[in-house]
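*Asks:* Next up is a structure, given as structure tokens.
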Amino acid sequence: MSANEPTIVAFLCNWCTFTAADLAGTSRLSYPSNVKIIRMMCSGMVDPKYVIKAFLEGADGVLIGGCWPGDCHYINGNYKARRRVALLTEILKQFGIGEDRLWLRWVAASEGNMFQEVITDMTKQLKELGPSPLKGRLVA
Amino acid sequence: MAEFTKLCYQKGELNQALSEFFGALIEQKVFDAVLLPAKQPTRGVMQTLISRPDKLGAIDPWAPVVPQNAAKLVSALTASPSGRPAAAVLRSCEVRALIELTKLKQATQDDVVLFGIDCPGRFENHDFLAFSDQGGTSEDFLSGDFKGFEVAGACKLCQHPVAGNVDVRLCMIGAENAVYVEWLTERGNAVREKLGMQTEAGPKNRDSEVEAIKKQRTEERDRRFAEFREATRDFQSLQAHLAGCVNCYNCRVACPVCYCKECVFVTDTFRHDGSQYMGWADKRGALKMPVDSLFYHLTRLAHISTLCVGCGQCTSACPNDIQLAPLFCAVAEKTQARFDYRAGRSPDEAQPLATFHDDELVEVTGQVK
């Protein structure tokens, strides 16, 4: 991958967005290979630490994919995820990682085409934004 | 309408007047014990749980030092309650932290009546020891004679010189050679009735003097936050700010609202294999050790910035003089505002990460079905 190709770390809910990614695949919808998918049981399982770690390791963007409001397999995990993303956004943007690099999106299991759109869109925007300020840093 | 009782004292006898007041509370069995700052037999002042009136001679509630945010001590005393009545004399930052710990079910307030004291600030611990070694007293401090020392950085920015959410308040702002005891709640007034104390109006200029202190500190805070945000606007400068960090984790031990019973940073999650370090070194070419300093501070910001009361104990605990309090306070201002929350403002508001609603924060995803 060339130097200006962004890396997206995606934490996807098993029940919706991960299944949508699967559907996109079986439907032969192509999307940028910039995304590295981590399958979670719920967007509510995404500990803020995971997001922080992804950025510290040089991710250009982090995507969290969860179920639409009202559809969470565990009733309210997606609402918890939403609060955590709001919190992380407030913290990270003070140090130069803006909300354009941390996305939370609702993508239902049937929305393979939306998954394709989200990844395509995010990759494009991150390319315009340029590499993360943390890329290639030398200390942990 | 709040009511006050005036306790007059002669110069040099502030602590004596207070010890008589608290002595009456113990003698008349209003409380089995009082938790408040007292001079230790050899040196220094620490929060002390006093159950016998003859031990009250050493008390010194306005000693300009807070060795530990006493919310943690009230938590120790009440998390598993004794069922015995006690009073706790606390500063605003301690009360506000206690409110957060109570919400987290790490403290209870059923057995404890809270006495808040007006707070002109505190010194750093080493400065306080030097100040008292030079003969400095609480009354010197209250009269503005700091003997060349300065109050801690966090205190200069603190918007809460007066403790809220307490049952009784010991007021010195606006008072001269007197402490005004302000009886605020039903529980507070029950204490007053047991003592049979008369009430009168409060100090005349109190409200305007409190406002003047707040105004001055607000200006100082806004200036410091702007300066600080400018100085840490990217990760490089943040890293430079935290350069002295050696992962001792004293800041989270000192933090009254760092609520985890066991910090993840001392668990096996962060006890890596040698091959892991070698791998990181291979990937980067050079690996700063110990690792994860920045990760630790950012995680702590995620965990507790919504609960941060700005007490400054993190800065005080740092062995390498990292100014952690402005970092945490500046971030906390933003994160708390996002959820329309203020740590310690009210016992009835749910903590931001302990609640959620289906129809909120729509702007996070920007998606509407």
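Please treat every number below as a calculation from the coordinates, not as lab data. Computed from a prediction, not measured in an experiment: that's the story for all the values here. All Cβ positions, glycine included, derive from the backbone under ideal geometry; neighbour counts span all protein chains shown.
*Asks:* Suppose we look only past 21 Å in the calculated P(r) of segment B:101-204. What percent of the Cα-Cα pairs does that tail hold? Mind dumping the intermediate values first?
*Replies:* Numbers: 2705 of 5356 pairs.
Tail fraction, whole percent: 51.
*Asks:* Give the relative contact order (percent, whole number) for chain A; include only Cα pairs under 8 Å separated by 6+ residues. Write down the numbers at each step before the final one.
*Replies:* Numbers: 246 pairs, mean separation 51.2, N = 140.
Result for chain A is 37 percent.
*Asks:* Shifting gears a bit: With all distinct Cα pairs included, what does the Kirkwood hydrodynamic radius of segment A:1-73 come out to in Å, to one decimal, could you say? Display every interim value, and only then the final one.
*Replies:* Values: mean 1/r = 0.0768 Å⁻¹.
One over the average 1/r among Cα pairs gives 13.0 Å for segment A:1-73.
*Asks:* Something else about it: Across the residues of B:355-367, average count of Cβ atoms on other protein chains within 10 Å?
*Replies:* Across B:355-367, the average partner-chain Cβ count within 10 Å equals 6.
*Asks:* Using a Förster radius of 35 Å, what is the FRET efficiency between B:LYS156 and B:ASP110 based on their Cβ-Cβ separation? Nearest 0.05, please. Could you put the intermediate results ahead of the total?
*Replies:* Values: r = 35 Å, r/R0 = 1.01.
In this case the efficiency is close to 0.50.
*Asks:* Ok, one more. Contour minus end-to-end for B:THR218 and B:CYS260, with contour as 0.36 nm per residue of separation and end-to-end as the Cα-Cα distance? If you can, show how the numbers build up before the last one.
*Replies:* Details: separation 42, 0.36 × 42 = 15.12 nm, distance 3.14 nm.
Full extension from B:THR218 to B:CYS260 adds 12.0 nm.
*Asks:* Between B:ARG52 and B:VAL362, what is the spin-label point distance in nm, taking each point 7 Å from the Cα along the Cα→C-beta axis?
*Replies:* 6.7 nm
*Asks:* Cα atoms only, the protein assembly as shown: Rg and Dmax in Å?
*Replies:* In Å, with Rg to one decimal and Dmax whole: 26.4, 88.
*Asks:* Give me, ordered by chain and number, the residues 5 or more places off B:VAL65 or on other chains with an amide H under 5 Å from its own placed amide H.
*Replies:* B:PHE123
*Asks:* Another question, if that's okay. Please report the equivalent ellipsoid semi-axes of segment A:8-129, computed as sqrt(5 x eigenvalue) of the Cα gyration tensor, largest first, in whole Å.
*Replies:* 21, 18, 11
*Asks:* Sticking with this one: What do you get when you divide the Cα radius of gyration of chain B by 2.2 N^0.38 Å, with N the number of residues?
*Replies:* Working: Rg = 22.3 Å, N = 369, 2.2 N^0.38 = 20.8 Å.
Its radius of gyration relative to the 2.2 N^0.38 Å reference: 1.07.
*Asks:* Let me ask something additional. As a quick test, which of the pairs B:LYS11/B:LYS72; B:LYS204/B:LYS334; A:LYS124/B:LYS369 have an alpha carbon distance above 30 angstrom in this structure? Present the calculation step by step, with values, prior to reporting the outcome.
*Replies:* Numbers: B:LYS11/B:LYS72 33 Å; B:LYS204/B:LYS334 36 Å; A:LYS124/B:LYS369 24 Å.
Result: B:LYS11/B:LYS72; B:LYS204/B:LYS334 exceed 30 Å.
*Asks:* Just to be sure I understand: with springs between alpha-carbon atoms less than 10 Å apart, which residue in B:ALA302, B:ALA332, B:ALA226 has the highest mean-square fluctuation in the Gaussian network model of chain B?
*Replies:* B:ALA226
*Asks:* Continuing with the same structure: Can you work out the base-10 log of I(q)/I(0) for segment B:11-92 at q = 0.17, 0.21, 0.24 1/Å, using the Debye formula on its C-alpha atoms alone?
*Replies:* -0.67, -1.00, -1.25
*Asks:* What is the Cα centroid distance between segment B:332-346 and segment A:50-125, reported in whole angstrom?
*Replies:* 23 Å
*Asks:* Taking amide hydrogens as modeled 1.01 Å from N in the peptide plane, which residues meet the under 5 Å criterion relative to A:PHE11, leaving out close sequence neighbours?
*Replies:* Residues meeting the criterion, in which the H sits 1.01 Å from N, are A:ILE38, A:LEU63, A:ILE64, A:GLY65.
*Asks:* Same structure, new question: Could you pull out every residue, at least 5 positions away or on a different chain, whose amide H is within less than 5 Å of the one on B:VAL45? Hs are placed 1.01 Å off N in the peptide plane, and Pro or chain starts have none.
*Replies:* HN-HN under 5 Å from B:VAL45: B:GLN40.
*Asks:* Between B:GLY285, B:GLY148, B:GLY116, which gets the highest mean-square fluctuation from a Gaussian network model of chain B, Cα cutoff 10 Å?
*Replies:* Looking only at B:GLY285, B:GLY148, B:GLY116, the biggest GNM fluctuation is shown by B:GLY285.
*Asks:* Taking the DSSP beta bridges in the protein assembly as shown as the whole, what percent of them are antiparallel, to the nearest 5? Before the final figure, lay out the partial values.
*Replies:* Numbers: 18 of 46 bridges.
Taking every DSSP beta bridge within the protein assembly as shown, about 40 percent pair in antiparallel fashion.
*Asks:* Now for a different question. Distance in nm between label sites at B:THR267 and B:ASP348, each 7 Å beyond Cα in the beta-carbon direction?
*Replies:* In this crude spin-label approximation the distance works out to 3.6 nm.
*Asks:* Where a Cα-Cα gap under 19 Å defines reach, which aspartates and glutamates qualify for B:LYS103, not counting those fewer than 8 residues away within the same chain?
*Replies:* B:GLU94, B:ASP111, B:ASP167, B:GLU262, B:ASP340, B:ASP348, B:GLU349
*Asks:* Grab the beta carbon distance between A:MET41 and B:GLU209, set R0 = 60 Å, and tell me the FRET efficiency rounded to 0.05. Can you show the working numbers first?
*Replies:* Details: r = 57 Å, r/R0 = 0.94.
E(calc), rounded to 0.05, equals 0.60.
*Asks:* Here is a follow-up. Based on the Cβ-Cβ distance of B:GLU200 and B:ALA24, what FRET efficiency does E = 1/(1 + (r/R0)^6) give at R0 = 25 Å, to the nearest 0.05?
*Replies:* Details: r = 18 Å, r/R0 = 0.73.
Between B:GLU200 and B:ALA24 the formula returns 0.85.
*Asks:* Also, I was wondering about something else. Okay, helix-only estimate at 222 nm for chain B: each DSSP H run of n ≥ 4 adds -39500 (n - 2.57), divide by all residues, round to 500 deg cm²/dmol; what do you get? Please list the in-between numbers first.
*Replies:* Numbers: 14 runs with 143 residues, N = 369.
After summing the helix terms and dividing by the residues of chain B, the value is -11500 deg cm²/dmol.
*Asks:* Related question: What is the distance in Å between the Cα centres of segment B:253-327 and segment B:152-180?
*Replies:* If you average the Cα positions of each part, the centres end up 33 Å apart.
*Asks:* Further question on the same structure: Give me the percent relative contact order of segment A:50-131, please, defined on Cα pairs under 8 angstrom at least 6 residues apart. Could the numbers behind the result be given before it?
*Replies:* On the way: 61 pairs, mean separation 28.7, N = 82.
In percent, rounded to a whole number, it is 35.
*Asks:* Now for a separate question. How large is the direction-averaged shadow of the alpha-carbon convex hull of segment B:186-282, in nm²? Display every interim value, and only then the final one.
*Replies:* Values: hull surface 50.7 nm².
Convex hull of Cα atoms, orientation-averaged projection: 12.7 nm².
*Asks:* Please list 3J(HN,Hα) in residue order for segment B:173-184, calculated via the Karplus relation 6.51 cos²θ - 1.76 cosθ + 1.60 where θ = phi - 60°; whole Hz, with x for glycine and proline.
*Replies:* With the stated coefficients, segment B:173-184 comes to 6, x, 9, 10, 6, 7, 10, 9, 8, 9, 9, 9 Hz.
*Asks:* Please list the helices of chain A that count as membrane-span-like by this rule: a mean Kyte-Doolittle hydropathy of at least 1.0 together with Cα atoms stretching 24 Å or more along the helix axis, each helix being a complete DSSP H run. Write out the running numbers ahead of the final one.
*Replies:* Working: long enough: A:112-129 (26 Å, -0.43).
Span-like helices here: none at all.
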